[in-house]
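Visitor: Mind having a look at this structure? Questions to follow.
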Amino acid sequence: MSAKKNKPIKLEELTQEELVKYEIAGELGLLDRVLEEGWRSLSSKETGRIGGLLARRKREEEKK
């Protein structure tokens, strides 16, 4: 286990993309687990879903 796991998340230091990633995790009901256990606690299916939604939002933003 790494010390990184217990590192508190400082929302003011996150990039816009990281904020969107946390927002998507919340929408999928995964945010509590990410905050408690870290991103590594998610399955590849769950992280893929987050990545896919993140990519979709990026494309939608670029169209605007």
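Visitor: Across the chain, how many lysine pairs, 8 or more positions apart or on different chains, have C-alpha atoms separated by under 27 Å? Please give the number.
Guide: The number of close lysine pairs in the chain is 14.
Visitor: Against the longest alpha carbon principal axis of the chain, how many degrees, from 0 to 90 and to the nearest 10, is the axis of helix 16-27 turned?
Guide: 80
Visitor: Which one, V34, L14, I50, is farthest towards the positive end of the dipole of the chain when Lys and Arg carry +1 and Asp and Glu -1 on their Cβ?
Guide: Final value for the positive-end residue is I50.
No value in this document is a laboratory result; all are computed from the given coordinates. It should be emphasised that the depicted structure is a prediction, and the values quoted were computed from it without experimental measurement. So basically every Cβ, Gly included, is an ideal-geometry build from the backbone, and we count neighbours across all protein chains shown.
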